[in-house]
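Working notes, structure below.
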Amino acid sequence: MRVLIDEVLTDLKQVGYYVAHVPTDGEEPVQVVLDVARSLGDLFVPGGCDPAEPVIRTAPARTRHAAPFDRPEQIGWHGDFSTYEDRPELSLVYITRPDPRGGDYGAWRLASVPKVLTALTGNDEGRAAFDLLSRERVPFSYDEGEEPSWFSVFEAGSDGRFGLRFYLPSIRRGLVAHFGAVPPHFAEALAAVESAADTVGETVPTRAGSLLIASNWFALHDRVRQTISRTQPNREALHCFVAHPHVGGFRGSAHHREEESSVTVR
């Protein structure tokens, strides 16, 4: 099967994410997702990953210290690596095994940031939220007790479009670490962003072979509640990240290379 990278780039530019069904056709799933990621840009290597194969495989569990994507509860609207200054611009998620309960369990929720901005600034409360979160830097902490990093929630990129840096638990932890509690004006502004995303977001059920490519600036994504089963194989996904795309980067990027206009997945 052929994944047209030009089609991916069009969707990323227009709505911030791309979804497709990509069977492995006998190829190793890890190789499928790495081939697509390399066609889009330079790979980001998360801590603890093999640089030659920088892919995170989910392992759903009920442990308190499990990563957010492994826990049974819904993750919430976010862009990945929100606490990193130089975070990967694109996230790829490839479903190798769907949720055993099917339906909307383990589904993705997706929201285009331009649409979120339109919904947010459509009323006085939302405009005030945007003004606050684009003007003031906000503390982010991934873990409790972690020294906060300060960023704008809304930030203008090299082309003047506003991107979004958002993961509510990290912002709340940062605010509590700095202020001792979440100040009411920040709580109201952050709730307005989530409400706007709820208004424009869509839910996309997943199956084996579902592929999501999401901009961490121009889209918010989420995973709804997933099953943790003791008797059936749990949902499994591969996560891979692009640090800097060949074209269309938030802060500017390298020129698009014509030979990478598509990738063949065999």
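The values are calculated or read from the model by the stated rules, or taken from the named source; none is laboratory data. Just so you know, these numbers come straight off a predicted model, no measurement behind them. With ideal geometry, Cβ positions are generated from the backbone for all residues, glycine too; neighbour counts draw on all protein chains shown. Each accessible area value is taken on the protein alone, full model and side chains, heavy atoms only, with ligands, DNA and RNA left out. Shrake-Rupley method; radii C 1.70, N 1.55, O 1.52, S 1.80 Å.
Being outside any loop (DSSP other than H, G, I, E, B), open to solvent by 80 Å² or more (accessible area, probe 1.4 Å) and closer than 18 Å to Leu220 by Cα: is that true of Arg172 here?
On the way: outside any loop (DSSP other than H, G, I, E, B): yes; open to solvent by 80 Å² or more (accessible area, probe 1.4 Å): yes; closer than 18 Å to Leu220 by Cα: yes.
So Arg172 passes the test.
Restricting attention to region 152-169 and to residues that are touching a strand residue (DSSP E or B) at 6+ places or on another chain (Cβ under 9 Å) and part of a loop (DSSP other than H, G, I, E, B), the residue that is nearest to Leu90 (Cα to Cα) turns out to be Arg165.
Taken over region 178-203, residues that are open to solvent by 60 Å² or more (accessible area, probe 1.4 Å), part of a helix (DSSP H, G or I) and touching a strand residue (DSSP E or B) at 6+ places or on another chain (Cβ under 9 Å) amount to 4. Of the candidates Glu136, Glu146, Glu125, the single residue that is closer than 26 Å to Val55 by Cβ and open to solvent by 30 Å² or more (accessible area, probe 1.4 Å) is Glu146. For region 41-58, the tally of residues that are touching a residue at least 24 places away in the same chain (Cβ under 8 Å) and either farther than 14 Å from Phe81 by Cβ or touching an Asp or Glu at 6+ places or on another chain (Cβ under 8 Å) (or both) stands at 5.
Just checking, does region 32-54 include any residue being among the aromatic types (Phe, Trp, Tyr) and touching a Phe, Trp or Tyr at 6+ places or on another chain (Cβ under 8 Å)? The answer is yes, given that some residue of region 32-54 is among the aromatic types (Phe, Trp, Tyr) and touching a Phe, Trp or Tyr at 6+ places or on another chain (Cβ under 8 Å).
When you check Thr63 against the structure, is it over 21 Å from Ala219 (Cα atoms), touching a helix residue (DSSP H, G or I) at 6+ places or on another chain (Cβ under 9 Å) and among the polar types (S, T, N, Q), yes or no? It would help to see each step written out before you state the result.
Values: over 21 Å from Ala219 (Cα atoms): yes; touching a helix residue (DSSP H, G or I) at 6+ places or on another chain (Cβ under 9 Å): yes; among the polar types (S, T, N, Q): yes.
Against the criterion (over 21 Å from Ala219 (Cα atoms), touching a helix residue (DSSP H, G or I) at 6+ places or on another chain (Cβ under 9 Å) and among the polar types (S, T, N, Q)), Thr63 qualifies.
In a residue-by-residue description of region 6-20, the property of being more than 21 Å from Ala219 (Cβ to Cβ) and either hydroxyl-bearing (Ser, Thr, Tyr) or exposed (fewer than 12 other Cβ atoms within 10 Å of the Cβ) (or both) applies to no position.
Yes or no: Thr83 over 20 Å from Asn234 (Cα atoms), in contact with a helix residue (DSSP H, G or I) (Cβ under 8 Å, 6 or more places away or on another chain) and assigned to a loop (DSSP other than H, G, I, E, B)? The answer is yes for Thr83.
Scan region 101-122 for residues that are open to solvent by 40 Å² or more (accessible area, probe 1.4 Å) and part of a loop (DSSP other than H, G, I, E, B) and report the count.
6
Could you grab me the full set of residues in region 28-41 that are open to solvent by 10 Å² or more (accessible area, probe 1.4 Å) and either under 22 Å from the mean Cα position of the chain (by Cα) or modelled with pLDDT under 95 (or both)? Quick ask: steps written out before the conclusion?
Residues of region 28-41 open to solvent by 10 Å² or more (accessible area, probe 1.4 Å): 28-31, 35, 38-39.
Within region 28-41, Pro29, Val30, Gln31, Asp35, Arg38, Ser39 qualify.
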